[in-house]
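Worksheet for the structure shown next.
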Amino acid sequence: MLIFRKVNDLQSWVRTEKADGKSIGFVPTMGALHTGHISLISTSQQDNEITVCSIFVNPTQFNDPKDLEKYPRTLEADTIMLADAKCDLLFFPSVEEIYPPDLKEIEVDLQGLDTMMEGAHRPGHFKGVVQVVHRLLDIVKPDHLYMGQKDFQQFSIIAHMINELKMPVKLNVCPILRESNMLAQSSRNERLSPEGRERAGKIYNTISRATLLRMKHTPAEVCKILFEELNHEPFQPEYVEIVDQNNLTSVNDWNDKCVICIAVWLEGIRLIDNIIL
């Protein structure tokens, strides 16, 4: 597996591979890799001749400097994991490589996609996500981009950005991988205690009840019921929302495009999950 830190080195290599007619799959990450990330690598490998993974802890998408500081950085383990998965290239740039002084910020009308759920609780977060993903796509110029369903609002916003800017890349969304207790796999899980990690399975078990509750309750009632069920120590739910898959607006009536999304604090760690209903 090749490892590049410089934009120019990566771009030169990609140009050579593309000149040979090879398709490029790209998996952007912030490191602290787990099997969910590797599943994205595997899917890319099935679709493309070349798979590129980036590891970059993007400072512009963190609202809390302490959260940025605490974010796990496990480059050595990540590199071994990617090499074992036979990833072709790891791009591990510095902040200066991603955000040079002369870089112009892109302007994308997100049409309110960034104002609800995560956006309401993490103002400015998605602006940072859009900037870094656009920058990475501009650097790597992949044919296919791979993201996980766990960050439902994030991939919805990236899909919107790609469409708005008419970027020549196809977004592929891959299913959530879960631990044995159904906790959605996440780099943040590593910060939970063993007991907390086991108890966190209640998050999925709670929102999965929406499938039965919808038979007798409205979406708003289901959200209230599930929020109250989780609103006890050690959990601190931030929101439970049932939204339209396409525009992320709250739904008043049940339809075949509903997705339930949740954010919960546990042991000082913020966990998110979703289920397409």
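The values are calculated or read from the model by the stated rules, or taken from the named source; none is laboratory data. Here the structure is a predicted model, which is why all the values come from computation and not from measurement. We place every Cβ from the backbone using ideal geometry, glycine too, and count neighbours over all the protein chains shown. Note: areas computed on protein heavy atoms with side chains; ligands, DNA, RNA excluded. Shrake-Rupley method; radii C 1.70, N 1.55, O 1.52, S 1.80 Å.
For this structure, a couple of remarks:
- Qualifying residue in segment 239-255 (condition: in contact with a strand residue (DSSP E or B) (Cβ under 7 Å, 6 or more places away or on another chain) and in a helix (DSSP H, G or I)): no
- Looking only at segment 22-38, and only at residues there that are more than 28 Å from K127 (Cβ to Cβ) and at pLDDT 95 or above, the one that is most open to solvent (accessible area, probe 1.4 Å): K22
- In segment 71-86, the residues that are open to solvent by 40 Å² or more (accessible area, probe 1.4 Å) and under 15 Å from N58 (Cβ atoms): R73
- Segment 256-277, residues that are under 22 Å from E221 (Cβ atoms), open to solvent by 60 Å² or more (accessible area, probe 1.4 Å) and part of a loop (DSSP other than H, G, I, E, B): D256, K257
- Strands (runs of 3 or more DSSP E) completely within segment 1-104 that count 3 or more residues being farther than 20 Å from P168 by Cα: 2-4, 89-91
- One residue alone among V108, V95, V169 is surrounded by 14 or more Cβ atoms within 10 Å (Cβ to Cβ) and either under 26 Å from L68 (Cα atoms) or out of contact with any strand residue (DSSP E or B) (no Cβ under 7 Å at 6 or more places or on another chain) (or both), and that residue is V108.
- In segment 41-56, the residues that are closer than 24 Å to D9 by Cα and buried (at least 18 other Cβ atoms within 10 Å of the Cβ): I41, S44, N48, I50, T51, V52, C53, S54, I55, F56
- Residue, farthest from E69 (Cα to Cα), within segment 176-229, restricted to residues that are open to solvent by 80 Å² or more (accessible area, probe 1.4 Å) and among the hydrophobic types (A, V, I, L, M, F, W, C): M215
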